[in-house]
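Notes for the one structure printed next.
The values are calculated or read from the model by the stated rules, or taken from the named source; none is laboratory data. Please read all numbers here as calculations on a predicted model, not as lab measurements. Cβ placement follows ideal geometry from the backbone for every residue including glycine, while neighbour counts extend to all protein chains displayed.
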Amino acid sequence: MNDPTESTGERAGAPPPFAESHNHAALESHGESIILDHLPFSALIVDRSFRVVWMNKKFLEKSRRDFRSTAGTRVTELFPEPMVDYMSLETTLRSVFRTGETFTGEPLAYRAPGIPTRTYSYVIRLLEVGFWRDHAFLLLEDITEKMQLLEKTRSVSRHLANVVEHAHDLIVSTDAHGRVISWNPSAEALSGLREEEAKGRPISDLLEPSQAEAVNNIVSRLTRLEIVRDEELNLKTRSGKIVPIAWSFSPISEENGQVVALVAIGRDLSERHAFEMRLFQSEKLAALGVMAGGIAHELRNPLAVCFSCAQFLEAEFPDPATPRGQTVGKIIAAIQRASAVIEALLHFAKPSGDSHPEPVDLVATAQDTIKLMATQLGLRGIKIVQDYPASPVLVMGNANLLQQVAVNLVINAQQAMPRGGDLTVTVHRDGSDAVVRVRDTGCGIAADKVGRIFDPFFTTRPSGEGTGLGLSVSYTIVRQHRGRIQVESAEEQGSTFTVYIPVAAQS
């Protein structure tokens, strides 16, 4: 090994040159070397001729060298050539000696033959004080495990972010006081609020106002490390619509038990509630149908007797101008009205029709209905908008009964717009369902009455106008065709009735 003093010369205040008499133990008399010797990463001290004047134990262990044979060696000879080239080691050292600025290199990956790739970080700094004045300090750390752990952490973070981004449920995080931190795409889609609009707002502001106290109680329970599950709270959307949500809340706490954040997962209950309502409606109408059928049959016989007697009286007092003739006319009219109600009850209990279903084009059904009622609608000042596909939309069923449903829905829309408005009728296919939608801009239905509109004899019209059986009969007919009927309505904003019937199987 060459003596580094041959190229650098002696300088006042510099460490003694390395010779056979200088060994590692001698240098440990300097406090700095004792501290550096116990660093958990490799450390070298290099003079201006790029020769190593000191190295710590970690470097010697990693490089499998000894202090005596390494001291005085050019630093570029201690590392593989690819590493030296990547680091531009001599150029970097010159720059550090010239400018005095610390250099921090990019992570360096190196793979020796037969050894897995290792990743290193390195820093070169000029030493300007103490025993090592005017020397460069090279710090080299093996960060392979750190990089692997960082990549695993990133992978887990990406996975969790992907789960949150694509989850069907609403996933919301808040701080310990219930102010929104994150708001996933499902929450954005359902509420109509972007994440930027929701951030920083108390979660109670985003739910139905009447439930603010319940939300505050939940936040209080969470701060006590309680877990709240399946709490039904309604989400308030941008449009003002209220959506029922089943929420589960969990606290996130530090090791000392202090709650730092809250996580809420919400599931939209709209479809479930709608299904429960349809099931309840079906059960209710089935029971009412049985009862209505029985009552109708029991009333038909005595009513037939009354009608026969009234006809005898009419034959005896044929002049409608006389008081007795007028009385007989009123009796007959009342009996006929009662008979019409009984026929409607029987139709509600079991709509009549061909027991053998056949293909029915709902586009043609809707068009025929509008043609039938166009004049009447025009006289009411109602503008008609129709939207149909070019090809037929076929279902299996009874054409007359489905025509009756269409007529009932159009009449219902007409009655909701006594001062005119817009009537929109559309037919289209949605997956396995044929969809008929009738929308009006009429008076709408109050929220507390929407759930009753398919009940027999229920009507929002003045007393004596209609029987209140049109929608209930339509509901029964649609159900008979294995379909369903839904309504969306708000007062003074109109109503939309939507009928879903399975499309006919293609042969």
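Below, the figures for the structure above:
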item: Residues being assigned to a helix (DSSP H, G or I) and under 17 Å from ASN234 (Cα atoms) - total across the stretch 167-203; result: 8
item: SER88 among the hydroxyl-bearing types (Ser, Thr, Tyr) and under 21 Å from GLU128 (Cβ atoms); result: no
item: Counted residues, the stretch 66-109 - those being touching a residue at least 24 places away in the same chain (Cβ under 8 Å), part of a loop (DSSP other than H, G, I, E, B) and over 13 Å from ALA136 (Cβ atoms); result: 6
item: Residue selected from the stretch 382-435 under the condition small (Gly, Ala, Ser) and within 15 Å of PRO502 (Cβ to Cβ), by the criterion farthest from the chain's Cα centre (by Cα); result: GLY397
item: From ASN256, ASN234, ASN217, residue being modelled with pLDDT of 75 or more and in a helix (DSSP H, G or I); result: ASN217
item: Residue in the stretch 435-456 that is in contact with a strand residue (DSSP E or B) (Cβ under 9 Å, 6 or more places away or on another chain), at pLDDT below 85 and surrounded by 18 or more Cβ atoms within 10 Å (Cβ to Cβ) present; result: yes
item: TYR122, sole failed condition from (1) farther than 16 Å from LYS146 by Cβ; (2) outside any loop (DSSP other than H, G, I, E, B); result: (1)
item: Filter result (at positive phi and surrounded by fewer than 17 Cβ atoms within 10 Å (Cβ to Cβ)) within the stretch 379-434; result: GLY381, GLY420, GLY431
item: Test: residue in the stretch 141-160 that is assigned to a strand (DSSP E or B) and more than 30 Å from SER270 (Cβ to Cβ); result: yes
item: Test: residue in the stretch 254-277 that is outside the structural domain of ALA490 (by TED's automatic domain parsing) and touching a Lys or Arg at 6+ places or on another chain (Cβ under 8 Å); result: no
item: Conditions (1) without any contact (Cβ under 8 Å) to a residue 60 or more places away in the chain; (2) closer than 16 Å to ALA43 by Cα: number failed by PHE137; result: (1)
item: The stretch 375-405, subset of a type outside the set (Lys, Arg) and in a loop (DSSP other than H, G, I, E, B), residue nearest to VAL473 (Cα to Cα); result: ASN398
item: The stretch 200-215, residues that are surrounded by 14 or more Cβ atoms within 10 Å (Cβ to Cβ) and in contact (Cβ under 8 Å) with a residue 12 or more places away in the chain; result: ARG201, PRO202, ILE203, SER204, LEU206, LEU207, GLU208, GLN211, ALA214, VAL215
